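The values are calculated or read from the model by the stated rules, or taken from the named source; none is laboratory data. None of the values given here were measured: they were computed from a predicted structure. Here the Cβ is made from the backbone with ideal geometry for all residues, glycine too, and neighbour counts use every protein chain on show.
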2 protein chains.
Amino acid sequence: VTGGLSMPDPRHREALIQLEASMQTGGQVVLTDAEQRLDTLLFQMKQEEMVRADFPPAMHFFKARDLIRTSPIFSLLQKMPKGGALHVHDFAMVDVEWLVKNVTYRPHCYMCFTDNQSIRFIFSSGWPKALPRCSPWALLENLRAKVINTTDLDNSIMGNMTLFTDQDPETVYPSQDVIWDTFEQVFQAAWGLVTYAPVFRDYYYQGLTQFYMDNIYELDGSTHDTAWTLKTYQEVTRQFTADHPDFFGARIIFTIHRGVNASVMARVVEEAMKLQRDFPDVMAGFDLVGREDRGRPLWYFRDALSLPVERGVTLPFFFHAGETDLEGTEVDQNLLDALLLNTSRIGHGFALLRHPVAKDLSRKRGVALEVCPISNQVLKLVNDMRNHPAAALMAENHPVVISSDDPAMFGASGLSYDFYEAFVGFGGIRSHLGSLKELALNSIRYSSLTAKQKEKALALWQRRWDKFVSENAF
Amino acid sequence: VTGGLSMPDPRHREALIQLEASMQTGGQVVLTDAEQRLDTLLFQMKQEEMVRADFPPAMHFFKARDLIRTSPIFSLLQKMPKGGALHVHDFAMVDVEWLVKNVTYRPHCYMCFTDNQSIRFIFSSGWPKALPRCSPWALLENLRAKVINTTDLDNSIMGNMTLFTDQDPETVYPSQDVIWDTFEQVFQAAWGLVTYAPVFRDYYYQGLTQFYMDNIYELDGSTHDTAWTLKTYQEVTRQFTADHPDFFGARIIFTIHRGVNASVMARVVEEAMKLQRDFPDVMAGFDLVGREDRGRPLWYFRDALSLPVERGVTLPFFFHAGETDLEGTEVDQNLLDALLLNTSRIGHGFALLRHPVAKDLSRKRGVALEVCPISNQVLKLVNDMRNHPAAALMAENHPVVISSDDPAMFGASGLSYDFYEAFVGFGGIRSHLGSLKELALNSIRYSSLTAKQKEKALALWQRRWDKFVSENAF
Ligand SMILES: [Zn+2]
Ligand SMILES: [Zn+2]
């Protein structure tokens, strides 16, 4: 590279630095004059952010949240049109405050305590039959009438419906096992509230509203449920789109827990193919959920998961894969197997850096990773965001989108917190407005929209983007 | 990749898995029958290690050390001939127990307390003049005569000479700034003991002994000092090699703190070239030390560092670079600049994954990274070793060697602890005896030995390796 007979040529050096900068996500985006002005502003903000004693991306999100919330970068990210949220689970998309303050105040809402310190809810016209390993049900209306301070009660319920805590997260959640167990308990607590039909419509509408308020115009959410649910999603989405004409739409990824056995999976895949046929506009495809480390690997389900392609039936896959650090185990092959099963995107892909063959396939075939920084940190795959594998992947513009997985669980909301972690934490001082633009574009490019829908979404997004830039560039 | 008309072909899948396995460090090493037997044993041990509730590579080394020490993998790694240690600082190579129990018991040893809770030593025939911002000197002999419990005193001195602590390391060292400050204090404490001429010979001989006992047969150490020191290193190394004919030798990398200015650097480089000419057998080359984030970047010193090549004089560089997570800053260009200045190896290279151009250059030019896992963890660049960038680099056989930086500082010794972290933490279940063999071979391949010396070293190492395998394979 150098002649070897003199000092390194500064022009050559500069060329290499520029080459490297151009290789990152958004590195080849050409900025308009207004964008350049906004970028200069962003650069100053980021420099100030990086010299703070408490650098938020190096901290646990539970401790960093208040710092992020007051960051000028975060305010800007909130206003920024971020495109779509492509990896969000339906039961964790609405903040718990709304659940408690709104839903649990509705009539006929019962609550009980499980013997492992969680809570359950049920809506019932008569007194419900007690659950095994739970206290008797209490009608919340009665309970609230009895306690002196309903705020305390509500706060305590909220504390049971999220992983977020004011205490030291390392002490409360010392291991992956502990936090995953709590995670699953919290999901079951939400279940009783959200699955009640009259609540469900409002809940989902509220979810779309919260994402829309965070300047997100498209959603690929995942759900566990069947025809009735999809029908409701369809109706609510239509209603929401009618109320908000600049919302591109929402589609649902039908999911099943990876704990099931092969024959259940075969039946569910059959059902998924049927639903995909019946609800092509609202159903995006199929996925498996639950902790990868404890569930069955994709390869175990290969027969069931091959049914669609064998029958020539369309059922796009959006597999979670590589949300693990058990390097070299069977589960760790999920990344390769997701690709071999022609997945459309990869959920998380945290382990991808350790799999050069899978990484290569994902890049060559344009299979984007749905990177959920806060989720990975809270679920203890990584501490300091600067060590998140996506930092390396974005340095070479590997196809990625930023998503939030279960924002309500983590005390986050929408996508802005995760965008903050990606922009400030993964990108360092080097990522710029072009990187943010590329991430937003990626979320449309790799969404489940049809080519025609993407075109329309892109035009809508571009108008919003230009408005955002002109309103914030000085 | 797949036909797309049926389930993935299991043979094709298997081929891709094998391809990926073969790409890792040591993935192409062909094992003998005896090696295969030992590998089977190792695989079982690793499987047991990975299901432990407390997985040592996921823990801070200070908490993991006792677990590692009792691990059967660790015992094996201690016995394994590891080749050379290529990144070790001379003042932190001997465990502090030896310093305190041996050196501070010698006559004329004085100690004082600094007003920032550190200690200093001096050997002096008369009573030494007090240092600024320090307590008056106390003769240790007198102090020990006065105290009731000399063991307590010795333990307290030892505590001041290492970063290792039994308390929670996150509490004691909450930030990089705090631990680097302590780090520098501890170095200064050792300084007064080690630089005393009569001690220095013994100290260095003891250091070679401790590495030799850990089955390391070659050393590239770094030192801050000049002609007298190099002369002493030469003599002691000759003595040690005479006493231990199977020791390949030790060479010294002459270093300067990166806090100096350009004109001091020019003078020091001149001196280094002279020393390199005068002590070609004992001096390996030149490097800059001190915390990169606080020091001047390599590019600031480009004129001085270009002197050797401009004059056609040999002065190999072994630059520390990329020991930072300040992505995108000036300091973060050290990796590229080290390569442009034709460095022979890269110290740490922790940030390399975020620099695809530098990564490519390092790979193509065979410039190995000296990976020091425990150092990076203790100095707070990474928590869980599975997220160390070297895990990804070793997945694609990037040129690396494993070293220990300042083992005495970290409560480690030799290389075995760092090999453990690399083998169990970076490699997961996938790395095997071939990986270990390759790492040992890398340490000879990328050492500062001449081609002829390498050939001899390789033959010596191979004999020891075969003996190790035959003694441990059942
Ligand atoms: Zn998910
Ligand atoms: Zn070092």
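Could you tell me which residue of region B:415-465 is surrounded by the fewest Cβ atoms within 10 Å (Cβ to Cβ), considering only residues that are of a type in the set (Val, Ile, Thr) and more than 14 Å from chain A (Cβ to nearest Cβ)?
B:Thr450
Mind listing whichever residues of region B:60-75 are surrounded by fewer than 24 Cβ atoms within 10 Å (Cβ to Cβ) and either within 16 Å of ligand 2 (Cβ to nearest atom) or not β-branched (Val, Ile, Thr) (or both)?
If we filter region B:60-75 for residues that are surrounded by fewer than 24 Cβ atoms within 10 Å (Cβ to Cβ), which is where we start, we get B:60, B:62-75.
B:His60, B:Phe62, B:Lys63, B:Ala64, B:Arg65, B:Asp66, B:Leu67, B:Arg69, B:Ser71, B:Pro72, B:Phe74, B:Ser75, listed by residue number.
Looking at region B:386-407 only, could you name the residues that are in contact with a Ser or Thr (Cβ under 6 Å, 6 or more places away or on another chain) and either facing chain A (nearest Cβ under 10 Å) or in a helix (DSSP H, G or I) (or both)?
Correct list: B:Met394, B:Asn397, B:Pro407.
Consider A:Leu379 carefully, then state whether it is out of contact with any Leu (no Cβ under 7 Å at 6 or more places or on another chain), more than 10 Å from every other protein chain (Cβ to nearest Cβ) and modelled with pLDDT of 95 or more.
Against the criterion (out of contact with any Leu (no Cβ under 7 Å at 6 or more places or on another chain), more than 10 Å from every other protein chain (Cβ to nearest Cβ) and modelled with pLDDT of 95 or more), A:Leu379 qualifies.
Does A:Gln78 fit the bill of being on the phi < 0 side of the Ramachandran plot, within 20 Å of the chain's Cα centre (by Cα) and crowded, with 18+ Cβ neighbours inside 10 Å?
yes
From the set of residues in region A:1-43 that are among the acidic types (Asp, Glu) and at pLDDT 95 or above, which is farthest from A:Pro72 (Cα to Cα)?
In this case the residue turns out to be A:Glu14.
For region B:47-62, state whether one or more residues are more than 25 Å from the chain's Cα centre (by Cα), among the polar types (S, T, N, Q) and farther than 25 Å from B:Val401 by Cβ.
Yes, that holds for at least one residue.
Tell me which of these B:Trp137 doesn't satisfy, since it passes every other one: (1) farther than 27 Å from B:Ile179 by Cβ; (2) out of contact with any Cys (no Cβ under 6 Å at 6 or more places or on another chain).
(2)
Might you let me know whether region B:342-349 holds any residue that is within 12 Å of chain A (Cβ to nearest Cβ), under 23 Å from B:Thr450 (Cβ atoms) and buried (at least 20 other Cβ atoms within 10 Å of the Cβ)? Step through it out loud before you land on a result.
As a first pass, look at region B:342-349 and keep what is within 12 Å of chain A (Cβ to nearest Cβ): B:342-343.
Remaining after also requiring under 23 Å from B:Thr450 (Cβ atoms): B:342-343.
In the following step, the residues that additionally are buried (at least 20 other Cβ atoms within 10 Å of the Cβ) were identified as B:343.
Checking region B:342-349: at least one residue is within 12 Å of chain A (Cβ to nearest Cβ), under 23 Å from B:Thr450 (Cβ atoms) and buried (at least 20 other Cβ atoms within 10 Å of the Cβ).
Hey, does region A:359-368 have a residue that's crowded, with 24+ Cβ neighbours inside 10 Å, among the charged types (D, E, K, R), within 11 Å of chain B (Cβ to nearest Cβ) and in contact with a helix residue (DSSP H, G or I) (Cβ under 7 Å, 6 or more places away or on another chain)? If you could, list the steps in order and put the result at the bottom.
Quick first cut of region A:359-368, residues crowded, with 24+ Cβ neighbours inside 10 Å only: A:359, A:362.
Among the residues that remain, those that are also among the charged types (D, E, K, R) are: A:359.
From the residues that got through so far, the ones that are within 11 Å of chain B (Cβ to nearest Cβ) too are A:359.
In the following step, the residues that additionally are in contact with a helix residue (DSSP H, G or I) (Cβ under 7 Å, 6 or more places away or on another chain) were identified as A:359.
Yes - at least one qualifying residue is present in region A:359-368.
Just to be sure I understand, how many residues within region B:316-347 are within 16 Å of ligand 2 (Cβ to nearest atom), farther than 20 Å from A:Phe55 by Cβ and out of contact with any Pro (no Cβ under 6 Å at 6 or more places or on another chain)?
Of the residues in that region, 11 qualify.
Taking A:Leu361 and the conditions (1) within 19 Å of the chain's Cα centre (by Cα); (2) farther than 19 Å from B:Gly428 by Cβ, which numbered condition does it fall short on, given that it satisfies the others?
The single condition A:Leu361 does not satisfy is (1).
Which ranges mark the helices (runs of 4 or more DSSP H) fully within region B:210-325 that have 2 or more residues being more than 14 Å from chain A (Cβ to nearest Cβ)?
B:227-243, B:262-278
Of the residues that make up region A:59-79, is at least one within 14 Å of chain B (Cβ to nearest Cβ) and either of a type outside the set (A, V, I, L, M) or assigned to a strand (DSSP E or B) (or both)?
yes
I'm trying to understand the selection: among the residues of region A:291-304, which are over 27 Å from B:Asp9 (Cβ atoms) and either within 16 Å of ligand 2 (Cβ to nearest atom) or buried (at least 18 other Cβ atoms within 10 Å of the Cβ) (or both)?
If the condition is that a residue be over 27 Å from B:Asp9 (Cβ atoms) and either within 16 Å of ligand 2 (Cβ to nearest atom) or buried (at least 18 other Cβ atoms within 10 Å of the Cβ) (or both), then A:Arg291 is the only one that fits.
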